[in-house]
Amino acid sequence: MTAGLWENWLLPGIWITIQLTLFSAVFAAAVAFGIGIARTSRLWIVRFLTGFYVEIFRGTSALVLMFWLFFVMPLAFGYQLVSMWAAVLALGLTYGAYGSEIVRGAIASVAPAQREAAIALSFTPAQRMRRVILPQAIPEMIPPFNNLLIELLKATALVSAVSVADITFAAQLSRLATGDSLEIYAIILVLYFVLAFVLTRLMRLLERRAKAGIGQAPVKSDKGPLVTRKLSARQESEQSSNIITGGAQ
């Protein structure tokens, strides 16, 4: 592996992969929260439409959707997406569908007493969601979101099929230029691992901060790593009151 390959192909490929991951993750998060919250609606038509969206995008291939957006849409509608944004759109729609189930499940896990207390304070549905339910649901979403983010990172390798110059695309060019498959693909495996490791550490830090924000502060365990402190019933009651009264101010 020469310095020229690193400078001209692999390093730009790493930057493209990071951009793809960030843009797709932001778009997927917006889709996940929008669809996930809508799936808790009292209106059956909203639940039906959002459920239909989830089933469609969970049941179709992200790669085929990418092909459709990049190759078919120009022929069908006369509108050509840049390959980068076709990839972001395909990945965001697909992984947003998976993420919406995480959001829906976390919202459903919030104790009914929390909702009842917010209703007793005459909170509107939007206020209940924003000030009471989401602050308690978000810490529960972060661990599965971490797994989904790693899967999204690995799925960015698909974008090389539409000529986006990510790490995988750069590896293919480097292999054709040198004929050395073993060294190149070993380096690519290590690069993906390093990126995934960094993302995991960042998400764990975010999880600790989110749980500390609702009173579940991590404490040191005699057995090793930090663990989340289990609140007593009294502490949980006081925490709920603080969240609600704080939101009412």
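For this structure, a couple of remarks:
- Cα extents of the chain along the three principal axes, largest first (Å): 68, 54, 28
- Cα long-axis angle, helix 233-248 against the chain (0 to 90 degrees, to the nearest 10): 80
- Cα-based helix-to-principal-axis angle, 44-58 vs the chain, degrees rounded to 10: 30
- In terms of its C-alpha gyration tensor, the stretch 52-96 comes out prolate, because a/c is 1.5 or above and the ratio a/b outweighs b/c.
- For peptides 56-65, 84-93, 144-153, sequence by mean Cβ density within 10 Å, most packed first: 84-93, 144-153, 56-65
- The apolar share of the surface of the chain, taken as the fraction of accessible area on carbon and sulfur atoms (1.4 Å probe, ligands and nucleic acids excluded), comes to 66 percent.
- Radius ratio Rg over Rh of the stretch 100-174, counting only Cα atoms, Kirkwood formula for Rh: 1.31
- Translational diffusion of the stretch 24-81, µm² s⁻¹ [Kirkwood Rh, Cα pairs; Stokes-Einstein; 20 °C; 1.002 mPa s]: 164
- The chain: most fluctuating residue of GLY105, GLY213, GLY96 per GNM, C-alpha cutoff 10 Å: GLY213
- Residue-span extension gain [GLU55 to ARG209] - 0.36 nm each, minus C-alpha spacing: 52.1 nm
- When the alpha carbon gyration tensor of the stretch 20-148 is reduced to an equivalent ellipsoid, its three semi-axes come out at 33, 15, 12 angstrom, largest first.
- Extension gain (nm, one decimal) between LYS154 and TRP44, 0.36 nm per residue minus Cα-Cα: 36.0 nm
- Integer Hz, Karplus 6.51/-1.76/1.60 couplings in order for the stretch 97-102, x for Gly and Pro: 5, 5, x, 4, 6, 5
The values are calculated or read from the model by the stated rules, or taken from the named source; none is laboratory data. These figures come from a predicted structure and were not determined experimentally. Because the Cβ atoms are built from the backbone with ideal geometry, glycine has one as well, and the counts that use them run over all protein chains shown. Quick note on the areas: whole protein, heavy atoms, side chains included, nothing else; ligands and nucleic acids left out. Shrake-Rupley method; radii C 1.70, N 1.55, O 1.52, S 1.80 Å.
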